[in-house]
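S.K.: Attaching a single structure in structure tokens format; questions to follow.
The values are calculated or read from the model by the stated rules, or taken from the named source; none is laboratory data. These numbers were taken from a predicted model, which means no experiment stands behind them. Glycine gets a Cβ as well: all are built from the backbone with ideal geometry, and neighbour counts include every protein chain shown.
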Amino acid sequence: MVGSTVLIVDDEEGIRESLSGIFEDEGYEVLTSSSGEEALKALKEQNPDLILLDVWLPGIDGIKTLKEIKGLKPDLPVIMISGHGNIELAVKATRMGAYDFLEKPLSLERVLLAAKRALEKRTLEMEYKALKQDFIKKWKLTGNSQKMKQLREQIDMAAQSNSRVLILGESGSGKELVAHILHDNSNRAEKPFIEMNCAAIPQELIESELFGHEKGSFTGAFEKKKGKFELADEGTLFLDEVGDMSLSTQSKVLRVLETQEFQRVGGSRNIKVDVRIIAATNKDLIEEVRKGNFREDLVYRLNVIPIVVPALRSRKEDIPALVEYFLEYFAAEYGQRPKKLTPEGSKMLEAYDWPGNIRELRNVIERLVIMTPSNIITPKNIVIVESPRSDYFAFKTLREARESFEKDFITKKLEENNWNISKTAEVLDVERSNLHRKIKAYDIKTP
């Protein structure tokens, strides 16, 4: 690739000059060495992107030099060249990490093509590593509370095994994050991580999603499709919201867990897979068993290693670290300088119970990054509206239902009027002092 630096290592001056001229004509920067010792010195002082290395060299030979190079820079591509090549030598060099093996007399076109492909491969590998680092940063456990230390210890131990894991915790607490970290720290990390939200897929399609289907197996099946189990072969399948799976599907999943075999919908051939199952739910599965909604034997199959993710309200000391992380994350996402939260703003966030857990906090910080014009976030900028109760009929008494509705209604109107109490009182057609009493009585937190 134009602009890249190539180090040519050969004891023949004519070869060095010939190759140098070719690469320079193509726009490459060129370094040369006549021995393995010189090459290793150049490698430490310079930063080549590619090395062309002769096998037969005075002093340490090319094979030993290759070993030293890979010890110093394992990702650096090396193309071996030799006038006395043989299959055994080529295989040995390749096993030691050489990208290619070219025989003399050298075909100049082949040299340039091999160099181009080696550099392209290196670029792709570097991009992959950068993406993986971004991915690892995205799936990061933040916080140093005692509960988070215990959670990390559990994850570290569970990740080393192939046993099934059941992740328990409230909605928004970070169950998906834990599943990703379990996979990334396991011996399956380089294999697929396939996830499926059991609550998001209609029950009539969930078996097709899990097991795949054959062409023509049902209306709309115009082609053969692999299911999640097949896609996750040798890797990890994450079943999120597993508590919402139908009893019919549960029985089929149970059989796959027992045999690691299944058939596609409409198929007759058994497909064998090697899949680690990680499941997650915000439901009490034992209670679901009592209600007849979940199979007891499947609970035992899934619950080999239980991991409980703590709610955010139980580890409020982690909120400042989480806020800082999300402020930096969203600043980078939207191309801004990271904003700062005042101590008063931090106290306001720590005082709130976060029923939506990490997901709710993340949404609030994203909104603050977008909507706060200043680089300093104060309590005036922070608007947290507690989610209204979805079912007022769940209350036992009229008084409880009325008070809950009144609190939600007042909070909603305050938000609509930018928390201006005088204007809200006017809209509600109540005295300002009366509204103040209601806000205090219902413990409505104003910015």
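S.K.: Consider Glu234 carefully, then state whether it is surrounded by 18 or more Cβ atoms within 10 Å (Cβ to Cβ), among the charged types (D, E, K, R) and outside the structural domain of Ile358 (by TED's automatic domain parsing).
M.R.: no
S.K.: How many residues are basic (Lys, Arg) and touching a helix residue (DSSP H, G or I) at 6+ places or on another chain (Cβ under 9 Å) if we restrict to segment 1-58?
M.R.: Step one: of segment 1-58, the residues basic (Lys, Arg) are 16, 41, 44.
Still in the list and also touching a helix residue (DSSP H, G or I) at 6+ places or on another chain (Cβ under 9 Å): 44.
Count: 1.
S.K.: Taking helices (runs of 4 or more DSSP H) that do not extend beyond segment 163-239, which have at least 1 residues that are over 13 Å from the mean Cα position of the chain (by Cα) and within 13 Å of Ile278 (Cβ to Cβ)? Walk me through how you get there before you give the answer.
M.R.: Values: elements: 175-184, 203-211, 228-231.
Hits in segment 163-239: 228-231.
S.K.: Further question: Residues in segment 205-228: is at least one closer than 23 Å to Glu287 by Cα, in contact (Cβ under 8 Å) with a residue 12 or more places away in the chain and not hydrophobic (A, V, I, L, M, F, W, C)?
M.R.: The first filter runs over segment 205-228 and keeps only residues closer than 23 Å to Glu287 by Cα, leaving none.
No, the conditions are met nowhere in segment 205-228.
S.K.: While we're here: I'm checking my understanding of the structure. Among residues of segment 216-231 that are at pLDDT 90 or above and more than 18 Å from Ser268 (Cβ to Cβ), which one is surrounded by the fewest Cβ atoms within 10 Å (Cβ to Cβ)?
M.R.: Going through the qualifying residues, I end up with Leu231.
S.K.: From the set of residues in segment 105-124 that are without any contact (Cβ under 8 Å) to a residue 40 or more places away in the chain, farther than 26 Å from Glu45 by Cα and surrounded by 12 or more Cβ atoms within 10 Å (Cβ to Cβ), which is farthest from the chain's Cα centre (by Cα)?
M.R.: Quick first cut of segment 105-124, residues without any contact (Cβ under 8 Å) to a residue 40 or more places away in the chain only: 105, 107, 109-110, 113-114, 117, 124.
Restricting the remaining residues to those that are farther than 26 Å from Glu45 by Cα gives 105, 107, 109-110, 113.
Keeping just the survivors that are surrounded by 12 or more Cβ atoms within 10 Å (Cβ to Cβ) gives 107, 110, 113.
Values: Ser107: 44, Arg110: 40, Leu113: 35 Å.
For segment 105-124, the residue satisfying everything is Ser107.
S.K.: Return the residues of segment 31-76 that are among the β-branched types (Val, Ile, Thr) and either more than 40 Å from the chain's Cα centre (by Cα) or farther than 18 Å from Arg122 by Cα (or both); say none if nothing qualifies. Full working, then the answer.
M.R.: Initially, segment 31-76 is screened for residues among the β-branched types (Val, Ile, Thr), giving 32, 51, 55, 60, 63, 65, 69.
Result: Thr32, Val55, Ile60, Ile63, Thr65.
S.K.: Moving on. Can you find a residue in segment 284-307 that is acidic (Asp, Glu), more than 27 Å from Gly235 (Cα to Cα) and out of contact with any helix residue (DSSP H, G or I) (no Cβ under 9 Å at 6 or more places or on another chain)?
M.R.: Checked segment 284-307: at least one residue is acidic (Asp, Glu), more than 27 Å from Gly235 (Cα to Cα) and out of contact with any helix residue (DSSP H, G or I) (no Cβ under 9 Å at 6 or more places or on another chain).
S.K.: I've got another one for you. Checking Asn363 against (1) surrounded by 17 or more Cβ atoms within 10 Å (Cβ to Cβ); (2) more than 18 Å from Ser145 (Cβ to Cβ), which single condition isn't satisfied?
M.R.: Every listed condition holds for Asn363 apart from (1).
S.K.: Residue check: is Lys283 in contact with a Gly (Cβ under 6 Å, 6 or more places away or on another chain) and assigned by TED's automatic domain parsing to the domain that holds Asn197? Write out each step before concluding.
M.R.: Values: in contact with a Gly (Cβ under 6 Å, 6 or more places away or on another chain): yes; assigned by TED's automatic domain parsing to the domain that holds Asn197: yes.
Yes.
S.K.: Residue by residue through segment 241-262, note down the ones that are in contact with a helix residue (DSSP H, G or I) (Cβ under 7 Å, 6 or more places away or on another chain) and farther than 21 Å from Arg290 by Cα.
M.R.: Answer for segment 241-262, where residues must be in contact with a helix residue (DSSP H, G or I) (Cβ under 7 Å, 6 or more places away or on another chain) and farther than 21 Å from Arg290 by Cα: Val256, Leu257, Phe262.
S.K.: Across segment 257-274, which residue is nearest to Val178 (Cα to Cα) among those that are over 26 Å from the mean Cα position of the chain (by Cα) and in contact (Cβ under 8 Å) with a residue 40 or more places away in the chain?
M.R.: The selected residue is Glu258.
S.K.: Answer yes if at least one residue in segment 150-158 is outside any helix (DSSP H, G or I) and either of a type outside the set (Asp, Glu) or assigned by TED's automatic domain parsing to the domain that holds Pro320 (or both), and no otherwise. Quick ask: steps written out before the conclusion?
M.R.: Narrowing segment 150-158 to residues outside any helix (DSSP H, G or I): none.
No, that holds for no residue.
Residues are listed down the side, and each one gets a yes or a no for (1) under 25 Å from His180 (Cβ atoms); (2) hydrophobic (A, V, I, L, M, F, W, C):
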residue: Val323; (1), (2): yes, yes
residue: Phe330; (1), (2): yes, yes
residue: Lys339; (1), (2): no, no
residue: Glu344; (1), (2): no, no
residue: Asn363; (1), (2): yes, no
residue: Met371; (1), (2): no, yes
residue: Asn375; (1), (2): no, no
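S.K.: Quick test for you: out of Gly59, Gly3, pick the one residue that is farther than 22 Å from Ala90 by Cα and either exposed (fewer than 15 other Cβ atoms within 10 Å of the Cβ) or not assigned by TED's automatic domain parsing to the domain that holds Ala98 (or both). It would help to see each step written out before you state the result.
M.R.: Numbers: Gly59 fails: farther than 22 Å from Ala90 by Cα.
Exactly one residue qualifies, and that residue is Gly3.
S.K.: Looking at segment 64-104, which of its residues are small (Gly, Ala, Ser) and either modelled with pLDDT of 90 or more or surrounded by 15 or more Cβ atoms within 10 Å (Cβ to Cβ) (or both)? Even if it seems obvious, please write down each step before you answer.
M.R.: Start the filter on segment 64-104 by keeping residues that are small (Gly, Ala, Ser), which leaves 71, 82-83, 85, 90, 93, 97-98.
The answer is Gly71, Ser82, Gly85, Ala90, Ala93, Gly97, Ala98.
S.K.: Look through Gly227, Gly212 and report the one residue that is touching an Asp or Glu at 6+ places or on another chain (Cβ under 8 Å), under 26 Å from Leu168 (Cα atoms) and not hydrophobic (A, V, I, L, M, F, W, C). Working first, answer last.
M.R.: Values: Gly212 fails: under 26 Å from Leu168 (Cα atoms).
Within the list Gly227, Gly212, the selection yields Gly227.
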